[in-house]
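J.: Starting off with a structure, shown below.
The values are calculated or read from the model by the stated rules, or taken from the named source; none is laboratory data. Small disclaimer: the values here were computed from a predicted structure and weren't measured. Here the Cβ positions follow ideal geometry from the backbone for every residue, glycine too, while neighbour counts run over all protein chains shown. Heads up: the accessible areas ignore ligands, DNA and RNA and are worked out on the full protein's heavy atoms, side chains in. Shrake-Rupley method; radii C 1.70, N 1.55, O 1.52, S 1.80 Å.
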Amino acid sequence: MSVSDLTPLSSPAGAQVRAVHDEFHGDLLEVSMGPHHPSTHGVFRMIVTLDGETIVKLKPVFGYLHRNHEKLGENTTYLASMPYTDRLDYLNSMTNNWAYAVAVEKLAGLAVPERAEYVRVILAEMTRLLNHTCLAGFLMQDCGCMGTPLMYAFREREKILDLFEALSGSRMMCNYQRFGGCRVDPSPEWIAGVRQLVEAYGPFLDEFEALLSGNEIIMARTQGVGRLAPELAVSAGVTGPVLRATGVAHDLRKVDAYGVYPKFDFRVPLGDHGDTYDRYMIRILEMRESISILRQALAALPGGPIMDPKAKLRGFRPKAGEAYGRIEGPKGEIGFYLISDGGPNPYRYRVRPPSFINLTILEDMCLGHTVADAVIILGSVDIVLGEVDR
Amino acid sequence: MSPLHLCLLLSAGLFCIGLTAALCRGNAILVLLGIELMLNAANLNFIAFWRYGSGSGSTGVVFVLFSIAVAAAEAAVGLALVIAVYRHQRNIRLQEATRLKG
Amino acid sequence: MLLPFIIIASLTLASAAVAMMLRNLIHSALLLVLSWTGIAGFYLWAGAEFVAFAQILVYVGAISMVVLFAVLLTRPARDVDSPLPAPTVIRLASGLMGGAMVASVLLTAILATRITGGRAHAPSVTVRDLGALLAGPHAASLLAAGVILTVALLGAIIIAAPSPRNPEDPS
Amino acid sequence: MSAAPMVVSPAPLLERLPLDLRDAVLGLLPESLRWLASGLITILVLLAVFGLLFAYLTLAERKLLGRVQNRPGPNRTGWFGLLQPFADAVKALTKEDVVPRAADQVLHYLAPVVLVALSLMGFAVIPFGRLLVPVELDAAVLYFFAAGAATELAVFMAGWASRNKYSLLAAMRALAQLISYELPLLLSFVPVIMLAGTLSTTGIVAAQDGWRFGFIPHWHILTPWGFAGFVIFMIAAFAESNRSPFDLPEAESELIAGHLTEYSGFKYALFFMAEYFGMCALSAMAVTLFLGGWRAPLPFLEFIPSYLWFGLKLITLLVGFIWVRATMPRLRIDQLTRLAWKFLVPLSLINLGTAAFWSLTTTWTGPLYLARWAVALAIVIIPFVTLGRQLSAGNGPRTYRYAS
């Protein structure tokens, strides 16, 4: 199935559940989960109406972390916006940087040297590993695993963050990509470090999966929970692993074939049920594909410059026009829409945050399930509040 | 006054409290609890007579065991009825529960 | 010997009486648990150890839980402050009168009866004796009790389970 | 610590040591006070031993969790963090006690006290050693579970009195959990009572006396029905003591802290204490019912005092509790009740049949002895597998396709 095969439905699947629960059995209880709740992944609030423990209504409330991101982007120069994009999805600053760089490169018509494209792919796939590993750990924490999988996941995450720090000088706020290439050229030692990480990652995933993927309780908790219909997912604009878990083959790395991705041989895993377990497993399988991409990219990494020599960072004034740059981030399509009036600042700066758009279907996934399920469904959607609220 | 008198007075007191509650209160759960209390008062008598009576054997104790079992059954059914009534009329006031079916 | 009885009796009676007068059902139920525990204490005092523990296990461990559950499931709408309607006042008065009448009859009957020939020491009944009694002379009643319990529990489930919805039925 | 003070027994010195110590203390007091002092000493010793066990169990739990999770655990207070429990105690005692204004003040205060009191009561009937039984009761097992049944009432009180919606949900969960798991817990050891023919804990330990072939102890866990009963008992005990994977009332990722949400400082510490006491009491009961109580596992090891064996078995079970907590995800409330009603209750009923078969075939010897084992194992295993299949029907590993 692909996007074009599907006609968007106006009636979401949740409407039926909602109708059934209009005539409720017991007294309803309205619980405000969050903004300070251990499992809302930040300052996020869900106003949940419960019949017993079953959710009959769920209203997400966000904005507690609003930082005026888009307005800031319109009031600073193109280059000065780059570090702000780190703060969107603070787990994935490398891909945020890249998406922003792609938008500006489109706007200004900049070319990117091949070595930079390869480095970008390496960093993006490392970011994907990082994000999905953290997500799996957090999801298991939401299932009540007392921190053990989370600590295992964080052990691996630290290794990736160490590499990021060695390259960019910062663990999480990397600010590494530039329009027209990358900031610094990775050293051979750094490449060797990545190679070591990639070789060790497969065994880690095997260990992680042996502990969790076949666990009876995990399967009972996640299978059939939070089903998402492909029609609803497409009409709501859901992207990333959440969309692919419903069986829709939509991966920008294949669809847009941006950068040097066409040169690599990788597959896009698809789920058949669209439930929480599928969303978890798709991410595990994607990590395995990422490892394969990383291997190929490391083997084929060419020499040459890392920055387009024509690129001008200071006093950068693209000619008037507009551009939308998007890439497949770990959470879905991360895009930046820029309108230039020829000045040093963008006239309009707009972010398409995958977390935020994936979050809009939360109620439809949660209706009819219990409070405990809502927590893991939210965990499996994979949100970062920095990106949701901007 | 012999100890048996005291025991019987205690049981009579409990019985009357239960009875008054069952007659006065409109809340189905409280009525049920009143009935439970009356049943307990009866059990108390069995034990009292077993302890201070002149007969031999332990039938009194055995009977109380059966009575406790029946009380458990009664509580389960009674509370299930309360929930059914609640589901029907959105409260558990017995005055309003006037229909058996519907 | 008498002091523990007086303590137990006053505790039982007081908590039962207060429980039945309270407005808050949860408080009533919890006080009644105290009263049931008091009755178990009486059984212990009288020497019926097994019955006392059975009383705690069944009443405090099971029935109280079901009662609390029912109270939580049937939280009334917020009309607690509404004044008592007239029928309820009449009901209250007649109930109280009925209770008082029964109490007076019982009291006179108990106080007028002369009891003779009671035994001074508690008859000993071990768990083994009880088991022999239940499995021997009372085996039929034990079976009947088992059947009653099973049927009652099944019935309770059927009554309390939400009826399957059918679209034509407006209720 | 048995009821009669001066027991003349042929037991060796080490075995008698606690009793001798107590009698030495009692000797200093006038005759008329001895019964009272004896009881008080028993209570004090129990409180001291289990209080200390509680303190170091919290440390052991944090250390073990740390070990499982690749981190050191507490190691700053004292050598290897050995003073951590006392630092925690000081912290809990000096914290402000915050009570919500809307809370039911009396019940909110009463709940932790009642909980600790009730969870301590169970220790009275556990035979900790050959000569160490605090109270001999004819219906000791019944007493133990009667005391334990009321603990969930205290959890309910805590949850309801807090006037917090999370706490209320936790209170409901606690009730549902108790109603569901009381039954398998009680049914799981009925075979033990049937075959031992007594409800007294000392009687049950006495029934596990002796050796098969001179070295295999006659513990109940070493029979098919006993093993099944032990497993069911332990699963129900996890639920009964609100420990992971059944820690639904305080599920921190869903209900913040459940019934503990509105508790702080010393009251919170009391809840914590009660949880560990409950865990210890249930483990001690499991040791008594299934693991031969204070008996040594091998004949030549009997020179080691019986209470040390009891302690060793108890600590083994407690470490099991901690290990499970470090590795298991949490069940959902409907799955929890379904597990109890559709799996544990039928299994424990079937287990009654296995035990009956076992006791009817005590005369089978030779090849028939093997047949006895085979049949009993079949009665245990076949329902386990079929019921288990049914329980997790529809769930299983999945295969994934890739976009072409």
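J.: What longest region of chain D stays clear of chymotrypsin sites (Phe, Trp or Tyr not before Pro) that DSSP places outside H, G, I, E and B and that have at most 16 other Cβ atoms within 10 Å?
T.: Details: sites that count: D:F213, D:F215, D:F303, D:W364, D:Y400.
In chain D, the maximal stretch lacking such sites is D:1-212.
J.: What are the semi-axes of the equivalent ellipsoid of the stretch B:3-96, taken as the square roots of 5 times the eigenvalues of the Cα gyration tensor, listed largest first and rounded to whole Å? Working shown, then result.
T.: Numbers: eigenvalues 202, 49, 5 Å².
For the stretch B:3-96, the semi-axes come out at 32, 16, 5 Å.
J.: Using only C-alpha atoms and all pairs of different ones, pull out the Kirkwood radius for the stretch A:52-161 in Å with one decimal.
T.: 16.8
J.: Considering only protein heavy atoms, what per residue accessible area in square angstrom results for the protein assembly as shown with a 1.4 angstrom probe?
T.: About 41 Å² of surface per residue is accessible.
J.: To continue, here is another question. 5 Å is the cut-off here: which amide hydrogens, built 1.01 Å from N in the peptide plane, fall below it relative to D:R401, excluding neighbours closer than 5 in sequence?
T.: Close amide H contacts, sequence-distant or interchain: A:L270.
J.: May I pose another question? Out of residues 5 or more away from D:G78 or on other chains, whose amide H comes under 5 Å of its own, with H placed 1.01 Å from N in the peptide plane?
T.: D:L83
J.: Could you tell me how far the Cα centroid of the stretch D:30-84 sits from the Cα centroid of the stretch A:157-235, in Å?
T.: Centre-to-centre distance over Cα atoms comes out at 43 Å.
J.: What are the semi-axes of the equivalent ellipsoid for the stretch D:119-270, taken as the square roots of 5 times the Cα gyration tensor eigenvalues, largest first, in whole Å?
T.: The three semi-axes for the stretch D:119-270 are 35, 17, 13 Å.
J.: Could I ask something else about it? Evaluate peptide A:32-44: per residue, the Cβ atoms of other protein chains within 10 Å of its Cβ; return the mean as an integer.
T.: 2
J.: Any idea what % of Cα-Cα pairs in the stretch A:176-227 are farther than 16 Å? Display every interim value, and only then the final one.
T.: Values: 881 of 1326 pairs.
Of all Cα-Cα distances in the stretch A:176-227, 66 percent exceed 16 Å.
J.: Projected area of the stretch C:1-75, taken from the Cα convex hull and averaged over every viewing direction, in nm²?
T.: Here the figure is 4.7 nm², rounded to one decimal.
J.: Per residue of the stretch D:335-351, in order, report the coupling 6.51 cos²θ - 1.76 cosθ + 1.60 (Karplus, θ = phi - 60°) as ³J(HN,Hα) in whole Hz, putting x for Gly and Pro.
T.: Result, rounded to whole Hz: 5, 5, 5, 5, 4, 5, 7, 9, 10, 6, 5, x, 4, 6, 5, 4, 4.
J.: Determine the shielding of peptide D:99-112 by partner chains: average, over its residues, the number of Cβ atoms on other chains within 10 angstrom of each Cβ. Provide the component values of the computation, followed by the final result.
T.: Details: counts 0, 0, 0, 0, 0, 3, 0, 2, 3, 0, 0, 1, 0, 0.
Across the residues of D:99-112, the mean count of other-chain Cβ atoms within 10 Å is 1.
J.: Could you sort D:L317, D:L344 by their accessible area in this structure, using a 1.4 Å probe and putting the largest first?
T.: Largest accessible area first, the residues go D:L317, D:L344.
J.: For A:R352, which sequence-distant residues (separation of 5 or more, or a different chain) have an amide H within less than 5 Å of its own amide H, given hydrogens modelled in the peptide plane?
T.: Under 5 Å from the amide H of A:R352: A:G335, A:F336, A:Y337.
J.: Further question on the same structure: For the stretch D:90-199, which GluC sites (Glu not before Pro) pass both filters: DSSP loop (anything but H, G, I, E, B) and at most 14 other C-beta atoms within 10 Å?
T.: D:E96
J.: Select from chain A the helices, each a whole stretch of DSSP H, whose alpha-carbon atoms run 20 Å or more along the helix axis and whose Kyte-Doolittle mean is at least 0.0; answer none if there are none. Don't skip to the end; give the middle numbers.
T.: Working: long enough: A:93-108 (22 Å, 0.20); A:114-142 (41 Å, 0.19); A:148-168 (30 Å, -0.02); A:188-212 (36 Å, 0.30); A:276-300 (36 Å, 0.07).
Passing helices, by number: A:93-108, A:114-142, A:188-212, A:276-300.
J.: For chain D, what are Rg and Dmax over the alpha carbons, in angstrom?
T.: Computed over the Cα atoms of chain D, radius of gyration and Dmax are 23.0, 92 Å.
J.: Kindly sort C:M97, A:M151, A:M126 by accessible area of their heavy atoms, largest first, with the probe set to 1.4 Å.
T.: C:M97, A:M151, A:M126
J.: Using a Gaussian network model of chain D with C-alpha springs under 10 Å, which one of D:G320, D:G129, D:G366 is most mobile by mean-square fluctuation?
T.: D:G366
J.: Take the alpha-carbon centre of the stretch C:1-64, take the same for the stretch B:50-90, and report the distance between them in whole Å.
T.: 15
J.: For the stretch D:33-41, in order, what is each residue's ³J(HN,Hα) by Karplus, 6.51 cos²θ - 1.76 cosθ + 1.60 with θ = phi - 60°, in whole Hz (x at glycine and Pro)?
T.: 9, 5, 4, 5, 4, 4, x, 5, 4
J.: Suppose a student asked you for the relative contact order of the stretch A:277-368, using Cα pairs under 8 Å spaced at least 6 residues apart; what percent would you report?
T.: 17
J.: Quick one: buried accessible area between B and C, total over both chains, 1.4 angstrom probe, nearest 100 Å²?
T.: Rounded to the nearest hundred, the buried surface is 6300 Å².
J.: Still on this model: Go ahead and estimate [θ] at 222 nm for the protein assembly as shown from helices alone: -39,500 (n - 2.57) per DSSP H run with n ≥ 4, summed, over the residue count, rounded to 500.
T.: -19500 deg cm²/dmol
J.: Taking the convex hull of the alpha carbon atoms in the protein assembly as shown, what volume per residue do you get, in Å³?
T.: On the way: hull volume 234.3 nm³, N = 1067.
Cα-based convex hull of the protein assembly as shown, divided per residue, equals 220 Å³.
J.: For a bin width of 5 Å, list the pair-distance distribution of the stretch A:277-390 built from all Cα-Cα distances, rounded to whole %.
T.: Calculated P(r), rounded to whole percents: 2, 9, 12, 14, 14, 14, 13, 10, 7, 3, 2, 0.
J.: At q = 0.12, 0.13, 0.18, 0.24 Å⁻¹, what log₁₀ I(q)/I(0) does a Debye calculation on the Cα points of the stretch D:132-214 give, no solvent, two decimals?
T.: Calculated log10 I(q)/I(0) at the listed q: -0.52, -0.58, -0.82, -1.08.
J.: Still on this structure, I have one more. Which one, A:L212, A:L161, A:L139, has the greatest fluctuation when you compute a Gaussian network model over chain A with C-alpha springs under 10 angstrom?
T.: Of A:L212, A:L161, A:L139, the Gaussian network model singles out A:L212 as fluctuating most.
J.: A further question on this structure: Provide the per-residue ³J(HN,Hα) series for the stretch D:15-30, in order, calculated from phi with Karplus coefficients 6.51, -1.76, 1.60 and θ = phi - 60°, each as a whole number of Hz, with x at glycine and proline positions.
T.: Using θ = phi - 60°, the values come out as 5, 7, 3, x, 5, 4, 4, 5, 5, 4, 5, 4, x, 7, 9, x Hz.
J.: Kirkwood hydrodynamic radius for chain A: how many Å is it when counted over pairs of different Cα atoms?
T.: 21.6
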